Structure formats: C-alpha cells, structure tokens
Amino acid sequence: MSDTRPKNLVGKGREALETLLAPGSFSEGAVGTQTLDPALGPGAVVGTASLQGRTVTVIANDAKVRNPRFPVVLAGVIGLEEAYKMALAVYLTIEADRDAPLAEKRPILLVVDSPGNAPGKVEEVFGMHLATGAYQLALAEARQAGHPVVAMIIGRAISGAFLCHGLQADRILALSAAHGTMIHVMPLGSIARITKMDIERLEELSKTNPVFASGAGYFYKLGGVEEVIDDPADMPAVIAKHIAEIYKLNAEDRADELGPWGRGTLGAERGGRTKRGQVLDLMASQVAALEKELLS
Amino acid sequence: MTSWTEMQNRSFYEATARQRAKYLLDEGTFHELVGPEAGLSSPHLPVLGEAVSFDDGVVTGVGKIGRRPVFVISQEGRFIGGSVGEVGGAKMVGVFQSALALYEKAAAKYPGDESRLPAILISFETGGVRLHEANAGLLAHAEVMEQIQICRGKIPVLSLVGSKLGCFGGMGFVSGATDLTIMSELGRVGLTGPEVIEEVLGKREFDASNRALIYRTTGGKHRHIMGSANYLAADTIHAFRAQVQRILALPYAEITAHRSIGSPALVEEQLGLTALAAEIKPKDAAEVWAYYGNANCETIPDLSTDEFLQHVKTRKGGSAS
Amino acid sequence: MLHELTFTFPGGTRTLPPAWSHTGVVGSGDLEILLRQADLGGGMEFHVVTPVRGFDEVWEKILGRFAAEANLGDVRIQINDNNATPFVVSLRLKQALSEAMEGGNAS
C-alpha cells in the first residue's frame, strides 16, 4: 500500500485527505447539521469524515484552486472567505456536540499546507486580521469545550498561516523534512536579508539555537511540534493516538498540558525556550505581592 | 520631573511604551512587572550581535483605574520595531495569567461587584514576530490568542492603537481578537505590512511609500468607519485614558458586546462584509466610505478627529463615539 | 556577539536615593541606563552592552568624566547601547542621574 502513496504532499491537500481518512468517508461541506455553500472559500476544504473509526471534522487547504473573487487567494493561501469558512466549520462542530459529554466531543483535524494569509489590498481594507483572528478564537473555544484539536502538517506551515491554521491545536504533528514540509516565519535567507545578518553565520548558529531556523526539527526542540512523523502511512494511527491522549488529559482536568500553553511547558522540557518560564514565575510572584493593594 | 497631570496632554503617538503604561493608569498606582531591574532581556539577540533591552521591548505593569485593578501591556516600537520575541511574548502571556489569578481572588472578595474585577489594556506598537527569534515569537503569539479566549466571560481586554508603528503581523489579529479597540486617527491596524502588499500586487496597485494610501487602508478613521475601531480618540494620553475610563465603567456584557469577532454570529457578520468586498471590489478604501453614505470622501483624511466624528457615517450607523 | 565592557571608578560622597532607577529606550542611536545601589566598597561600576566594537577608550573617557561629575558611591550602572553617539550617551547619563536623584522611577 504505502508505495502507492505520494511521498511528498506539499500542495496536495486533497490527496492527503485520501491518505488520512477512511476511503469514501469524507463528506465535503457537511459539518453537524449544516452544509456550507460549496462556492465559499474554495481554498479551504472542510467537512466530516471517519478517521480510524472516529467521526471527525476536517479542515484542510486546497492549493490547486484559486478564489475567483479574491485574486491573491491561490496556492493554499488563506483568504477572507477561507478563514471565515474554517471558523464556521469549527463553530458548527461545537454546536453539533453542544450537549454531548466530554468523551464524545468530536475531534477537529487540521490538515495544514498553507503559505500564508492573503496579502492583498482589499483584504487589508476589510480586515484580514479579523478573519484569521476569528478562526483562531473559534479553535480556542472548541478546545475549551473539550473537542480534541490536532494539526497535521503535511506541507507548508508558514508564519501567519500556521498561527491561524495549526498553532491553536491541542497537539501539532508534522511530516519530517524529507517530505518537503516547511515550518517557519521566513526562510533563513530572508531573515538574513532583513536582519542584515550573515546567512552562513545564521546557519551555523541554528545548529545550537532553534529559535530562528526553518523546519519541523527546530519547532520540535522549541515544543512547537509535539511529534514528527517519518512515514506518511503512519499518520492516521499517530493522529488517533494523540486524539486518545487529548481525551484522557481533558477527562483528568489536565488541559493545561495541551495547546499553546502546554507547548510552552514542553519547550522548556526540551530545552528550547527557557526564559519563558522565568518570566512567568517572576511576574506571578510580583503580582501576588501586590494583591492586597490591588484588591483594596 | 514632568508631573502626571502634564503627561496627560502628551501625544500618545510620541509616548514611549513605559509612559503609555504608566500614565494610562491612575496617578501613582503603576507598578511595573518584570521591569528593567529584573534584567530579563532576550537570550537570543546577543549571539546575533543585536542590541538588547532590559524590558525586551514590552513594558508590563499593573495599577488601578478607579477601583479596578488594571493590567497594561505596552509595546515599544523604538526597540526592534516593537517585535515580539520569547521574553516579551512571555511577559504578555504572564499578564493574562496574572489577571486571571487576580480575577478569582477579586470575584471571591467582592461578589457581584464588577467594578472590582481586573481588566487588561494592550497598547500596541509592533510589526509582530521578531525575526531574530522568529520561532519563539510565533509560538508566543499563539499563546496570547489562547489567553484572550480564556479571559472571555471574565476579564475585559482592550486594544489601544495610536503609536507610530501601528499594529501589524500577528499582533494585528491579537488586537482584533480583544473585546474592543480604541484608535487615534494616527493609529494603523492590519495584517500584512505595506511593503509586502507592494511586493505581491506591484507598485501600481499599492505604493508602500504613499502614506495617505496606507492611512486610507489601515488607519484609525478607516477602521472606525468599518466598525473594528470601536472608538476614535484624539492623540493624547488623556484622550485614550478617558475613553478607557468610560468603557471600564460599563458592565462587562456591554464591553464585550463591542467585539468584532469571536462568535458564529460575528463570523456571519464578517462574511457579509466579505461578500460586499467581492461585490464592490473597491480599488480604494474611500469607495467603501462612500458605500456607507459618506460624501466628499476625499476630504475625510484632512478632518480633525472631532469634525470626523461629527460627520462620519460608519458601517454600524452614525458615529459610535 | 554583543560587546560587553566593564569599567570601575573611585566613587564619590553621594549615594543613590532609590534602590534602582531606569532611564531611556534602546532605540536606534539611543540607549537605556539602569542605576542600582550596590555594595562596591564606595566605588562606581559601569557595565556596557553594545553592538559596536572598537570604542572602548571613548566609553572609558565619557563614563570617567560622568563618574567624576556624579560624585556617587556604591552604584552599579548598566547600559544597553544601540549605536548612540558620545553626545547622546552623555546626555542620557545626565538625565538618568537627575531622575535618580529626584527619587528615581522605580515603582
């Protein structure tokens, strides 16, 4: 089986869904009781499917289509329509399971392959920042409600697109760099140009400091990616494993080990972000010392 | 030393992050948190030969406005463009965590008295992630977004944008995700900076050196017409502070009712705007101003804040101030 | 790497009124100064962090002159510099001293 699967899934969001989901199980556009307008935000693929026997909401990118109404939305870019569509898929998921017990809140799977948020003038006029923000708030709310949210990076997870579609997940998984995955704010060359640093020096430094270099391995060290997957065929089982762990942690009231905050702790454990914890501890003790005055 | 009263009339646009943080709060109440004396500067800049700052470009503090404990996050644009790195990002996250901890104590001590509950002000001046420590900065942005969601239903979070560099990149959506935004006409909020848009669309479509165009696209007056800048304040520390005081006197439910995003209904509302964008395909923001019923749009940029507020027609109908 | 410099001078007769005081912003061509009480046997110590190399003697001259004028003892002065000119360094040091002697801005 595995030899028929594409080794490189960059730009192939829909193919990735075939690899990830039970054959024929993906019902595109349908989330909960509603079906979204198929013309809306074609760069975002949303729907309901079965993954390892579980019903999940799927939110993915389609890099092969253009949005006919917004010319800068192509190649997997997340535009206004796409971001709001993704947000709606999350809210419909929350609504569908509103009365379900914690153990039955359906998971949300983010299949990540986007180079960025739409960098256009119309987008700025109407507020691209609101669109990407709306999706993030929806995901954060879904996690609060107990829906396990797992991000699977199959291609590009870049800067604002990664923040919007990925970094609010409980757990973030990435195919290893051998599969062409890209995780960064900017390629090292661009960072070198903008910061006027020497590229060779940056490359040398990134061997010991993971904070500016591009790639899943560096994000792993910072706690920004929980697990790197080498064989694409393993993705469904690994995703299912993480979903099970998220259910367990939520049931044990240990949600603080998940999501952006949990990854902060993980970053310290992996030796990647060590000053973060010092700052948080110091501030907490300073505010505690001021408590009497502040509550007088 | 300049007195607190004198500082109130200073330009918000020109004020340093520390001045904004201190003088937005009641006189003599400001305590800086993880201040310069803590010496927690960036661990990543020295190896790159880049200057460091004791506060890492983010001033955090707490004080009072009336009876409320009020936390402030204030970004310093003069230090590496107000960019957010590991330490500055952690300071932002720490403020939310501290406010949440204090909220529980305040709610227990003063049951039913909203005027005693903490609030958070964020005075933005930033282009988002600090490239010198890009990965850590990115992760910090995600943490801040999560904290904003955790604060909902408890703590009002207000955005203030009126500083030189505006509020762009990931911090653009952080500001959009708060309960409410106050801007001056000199403030700018967006996601993608002008240079990148020029690179993508070409100079004919978007000239990044055209200051008037940039203000029409992302400036305070435009955002006020569109409804995402809920209030427009004059360019003084006092004007921002007075607006904050008026808002913090409201019940929480009324404060959070100003939100632009954060619910299915608000997403539907924004989708309506997106449909409008597709329909009228504006070549310039001024076409949208005209759509909402404004006449003589070419004169809008030159109006004083007061004149503008008297005459403007906004998406939400009339002036919101 | 950032360049780190330390200079010590004999202290004066005055002491710093607050435990610490901070002045300035590390903008381009500017610097910040943190003055702190420290048990230095009456002396004065400067710690400078700067991206610029090759101006050690200039720093020593400016700081030495300031130390003599300030007439302070048992004080550690930390400076984060970002390419400030000698004129700006002297100006900011004077501001920092004046703010510190008025009680400082530590909160």
Task: Candidates B:Val47, B:Val52 - the one that is assigned to a loop (DSSP other than H, G, I, E, B), free of Cβ contacts under 8 Å to residues at least 40 places away in the same chain and not small (Gly, Ala, Ser) - done: B:Val52
Task: In the stretch B:133-158, residue nearest to A:Thr274 (Cα to Cα) [restricted to those that are outside any helix (DSSP H, G or I) and within 14 Å of the chain's Cα centre (by Cα)] - done: B:Val157
- [ ] Can you confirm whether the stretch C:57-75 contains a residue that is within 14 Å of chain B (Cβ to nearest Cβ) and either among the hydrophobic types (A, V, I, L, M, F, W, C) or assigned to a helix (DSSP H, G or I) (or both)?
- [x] yes
TODO: Inspect all residues belonging to the stretch A:263-272 and state whether any of them is surrounded by fewer than 19 Cβ atoms within 10 Å (Cβ to Cβ), touching a residue at least 24 places away in the same chain (Cβ under 8 Å) and among the aliphatic types (A, V, I, L, M).
DONE: yes
TODO: Looking for whichever is over 30 Å from B:Lys109 (Cβ atoms), modelled with pLDDT of 95 or more and among the acidic types (Asp, Glu) here; the options are A:Glu204, A:Glu226, A:Glu291, A:Glu269. Which one fits?
DONE: A:Glu226
Open item on the list: Among the residues of the stretch C:2-34, what is the count of those that are within 10 Å of chain B (Cβ to nearest Cβ) and not in a loop (DSSP other than H, G, I, E, B)?
Closed with: 12
- [ ] May I ask you to list the residues in the stretch B:173-230 that are assigned to a helix (DSSP H, G or I), more than 9 Å from every other protein chain (Cβ to nearest Cβ), aliphatic (A, V, I, L, M) and within 24 Å of B:Val244 (Cα to Cα)?
- [x] B:Ile225
TODO: Quick one: C:Gly103 ticks every box in (1) in a loop (DSSP other than H, G, I, E, B); (2) surrounded by fewer than 15 Cβ atoms within 10 Å (Cβ to Cβ); (3) on the phi < 0 side of the Ramachandran plot except a single one, so which number is it?
DONE: (3)
- [ ] Please tell me if A:Arg156 is of a type outside the set (Gly, Ala, Ser), in contact with an Asp or Glu (Cβ under 6 Å, 6 or more places away or on another chain), outside any helix (DSSP H, G or I) and more than 30 Å from B:Glu205 (Cα to Cα).
- [x] no
Open item on the list: Take the residues in the stretch B:265-303 that are hydroxyl-bearing (Ser, Thr, Tyr) and either in contact with a His (Cβ under 9 Å, 6 or more places away or on another chain) or more than 23 Å from A:Asp37 (Cβ to Cβ) (or both); name whichever of them is farthest from the other protein chains (Cβ to nearest Cβ).
Closed with: B:Thr299
Open item on the list: Can you pull out every residue in the stretch A:147-170 that is under 13 Å from A:Ala60 (Cβ atoms) and of a type in the set (S, T, N, Q)?
Closed with: none
- [ ] Go through the stretch A:115-126 and count every residue that is touching a residue at least 24 places away in the same chain (Cβ under 8 Å) and within 7 Å of another protein chain (Cβ to nearest Cβ).
- [x] 5
Open item on the list: On the basis of being more than 13 Å from chain A (Cβ to nearest Cβ) and modelled with pLDDT of 95 or more, does B:Ala320 make the cut?
Closed with: no
- [ ] Can you confirm whether the stretch B:89-101 contains a residue that is surrounded by 24 or more Cβ atoms within 10 Å (Cβ to Cβ), charged (D, E, K, R) and in a helix (DSSP H, G or I)?
- [x] yes
Task: From A:Leu40, A:Leu92, A:Leu88, residue being outside any strand (DSSP E or B) and touching an Asp or Glu at 6+ places or on another chain (Cβ under 6 Å) - done: A:Leu40
Open item on the list: Just to verify a result, which residue in the stretch B:231-264, among those that are among the aromatic types (Phe, Trp, Tyr) and not in a strand (DSSP E or B), is nearest to B:Met183 (Cα to Cα)?
Closed with: B:Phe240
Task: Counted residues, the stretch A:95-108 - those being out of contact with any Gly (no Cβ under 6 Å at 6 or more places or on another chain), surrounded by fewer than 24 Cβ atoms within 10 Å (Cβ to Cβ) and hydrophobic (A, V, I, L, M, F, W, C) - done: 2
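The values are calculated or read from the model by the stated rules, or taken from the named source; none is laboratory data. Computed from a predicted structure; not experimentally measured. Note that we place each Cβ from the backbone using ideal geometry, even for glycine, and neighbour counts take in every protein chain shown.
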